[in-house]
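This report concerns only the one structure given below.
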Amino acid sequence: MKTILIMRHGEATPMQADDAARQLTNTGRQEASKMGQWLAINYKPDALLVSPYIRAQQTAKAATQNNPLQFSETCNDIIPDGTPQVAADYLETLIAMHPECSTWLVVAHMPIVSYLVDQLSPGNMPIFNTGAIAVIEYDDTKQRSHYLSIHSPNNVEI
């Protein structure tokens, strides 16, 4: 059994022409750091799949600073307009290729984070606040997922 943690990046600067270049605000950095502390206590991710966009990279760095990773990759399939089926298939392939990793953190954007949860666990499409993390239990032998919960920076305790 594996755990998949799907995380929306922290609060970012307002929309601009180059969406990929948007950075985290001070609030976004605090959200990512708080959720990183929560992850270190509760889930200890050992694998990371992250969007190439700056705000997702910044979030991933803050969220994993207390979690040593065995595997990390930047993935173009999990950008805001990525295809959820492609992203889910790729994630499941990586999980199969890296059996040593038991807890996978995926850091991406709306709307793909919601669509990815639904792709992995049909009928579940949570709304993600900035910095929120959805928890999914994944049976890698049957390639079946079960959505468990969602946690946001404003409702977790450290």
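The values are calculated or read from the model by the stated rules, or taken from the named source; none is laboratory data. For clarity, every value in this text was computed on a predicted model and none was experimentally measured. All Cβ positions, glycine included, derive from the backbone under ideal geometry; neighbour counts span all protein chains shown. What goes into the accessible areas is simple: the full protein's heavy atoms, side chains included, and nothing from ligands, DNA or RNA. Shrake-Rupley method; radii C 1.70, N 1.55, O 1.52, S 1.80 Å.
Looking at (1) over 23 Å from GLY10 (Cβ atoms); (2) polar (S, T, N, Q); (3) free of Cβ contacts under 8 Å to residues at least 60 places away in the same chain, find the lone condition where SER145 falls short.
Single failed check for SER145: (3).
Go through the stretch 9-30 and count every residue that is open to solvent by 30 Å² or more (accessible area, probe 1.4 Å), under 14 Å from ASN129 (Cβ atoms) and either outside any loop (DSSP other than H, G, I, E, B) or modelled with pLDDT under 95 (or both).
Residues meeting the conditions: 2.
With TYR115, TYR138, TYR90 as the choices, which residue is assigned to a strand (DSSP E or B), touching a residue at least 12 places away in the same chain (Cβ under 8 Å) and farther than 20 Å from ALA63 by Cα? Outline the logic, then answer.
Working: TYR115 fails: assigned to a strand (DSSP E or B); TYR90 fails: assigned to a strand (DSSP E or B).
Going through TYR115, TYR138, TYR90 in turn, the sole match is TYR138.
Which pairs turn up if I take residues in the stretch 7-24 that are touching a residue at least 60 places away in the same chain (Cβ under 8 Å) and look for partners that are open to solvent by 70 Å² or more (accessible area, probe 1.4 Å) with beta carbon separation below 7 Å, at least 6 apart in sequence or on another chain?
Matching pairs, first to second residue: GLY10/ARG29; ALA12/GLN23.
Any residue in the stretch 46-69 that is in a strand (DSSP E or B) and open to solvent by 50 Å² or more (accessible area, probe 1.4 Å)?
If we filter the stretch 46-69 for residues that are in a strand (DSSP E or B), which is where we start, we get 47-50.
The next check asks that each one be open to solvent by 50 Å² or more (accessible area, probe 1.4 Å); those that pass are none.
So far as the stretch 46-69 goes, no, none of its residues is in a strand (DSSP E or B) and open to solvent by 50 Å² or more (accessible area, probe 1.4 Å).
When you go through (1) more than 16 Å from the chain's Cα centre (by Cα); (2) farther than 17 Å from ASN154 by Cβ one by one for THR25, which number turns out not to apply?
It is condition (2) that THR25 fails.
Would you check if there is a residue in the stretch 101-114 being farther than 23 Å from ASP19 by Cβ and open to solvent by 80 Å² or more (accessible area, probe 1.4 Å)?
Start the filter on the stretch 101-114 by keeping residues that are farther than 23 Å from ASP19 by Cβ, which leaves 101-104.
Now restrict to residues that are open to solvent by 80 Å² or more (accessible area, probe 1.4 Å): none.
Within the stretch 101-114 (the criterion being farther than 23 Å from ASP19 by Cβ and open to solvent by 80 Å² or more (accessible area, probe 1.4 Å)), the answer is no, since none of the residues qualifies.
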